[in-house]
Amino acid sequence: MTAVVRDAGAGTWRLFENPREVLVAQRVDEVMPALRRVEAACRDRGLHAAGFISYEAASGFDTALQTKPRDPADTFPLLWFGLYEEPEKRG
């Protein structure tokens, strides 16, 4: 899995390839534990994270935040992050 991210501050692109690990949350109750694992991997193991958190994950942060109920057949993740070694910088 590959991710390309723009580093606006440096004016470069970052290429993330071949994640060491992929973290996915499919249910609201999995969002915060997965995000904590992403944070710990970056802090404790020096990895870099590239991914997304979907709008529908909102109630995983605060139960007062409600979104449209998900279709049970929907397999699109609420959270997806790849954990990578140092990304390649491209002009």
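Give me the pairs: first residue in the stretch 38-55 and over 16 Å from P19 (Cα atoms), second residue open to solvent by less than 50 Å² (accessible area, probe 1.4 Å), beta-carbon distance under 8 Å, and six or more apart or on different chains, which are they?
Qualifying pairs under 8 Å: I53/V31; I53/L35; I53/L78; I53/L79; S54/P77; S54/L78; S54/L79; Y55/T67.
Working only within the stretch 18-30, note down all residues that are modelled with pLDDT under 95 and either open to solvent by less than 60 Å² (accessible area, probe 1.4 Å) or in a strand (DSSP E or B) (or both).
Listed by number, the list holds a single entry, V28.
Given the criteria part of a loop (DSSP other than H, G, I, E, B) and in contact with a Ser or Thr (Cβ under 7 Å, 6 or more places away or on another chain), does T67 qualify?
Yes, satisfied.
Only one of G51, G82 is touching a Pro at 6+ places or on another chain (Cβ under 8 Å) and outside any helix (DSSP H, G or I). Can you tell me which? Working first, answer last.
Numbers: G51 fails: touching a Pro at 6+ places or on another chain (Cβ under 8 Å).
None of the others qualify; the one that does is G82.
State which residue is nearest to E86 (Cα to Cα) when the search covers only the stretch 32-68 and only residues that are of a type in the set (V, I, T) and open to solvent by 30 Å² or more (accessible area, probe 1.4 Å).
Here is the first cut: in the stretch 32-68, the ones of a type in the set (V, I, T) are 38, 53, 63, 67.
Among the residues that remain, those that are also open to solvent by 30 Å² or more (accessible area, probe 1.4 Å) are: 53, 63, 67.
On the way: I53: 22, T63: 35, T67: 35 Å.
Ranking the qualifying residues of the stretch 32-68, first place goes to I53.
The values are calculated or read from the model by the stated rules, or taken from the named source; none is laboratory data. Keep in mind the model is a prediction, meaning the values are calculated, not measured. Here the Cβ is made from the backbone with ideal geometry for all residues, glycine too, and neighbour counts use every protein chain on show. Remember, those area values only see protein heavy atoms, side chains included, never the ligands or the DNA or RNA. Shrake-Rupley method; radii C 1.70, N 1.55, O 1.52, S 1.80 Å.
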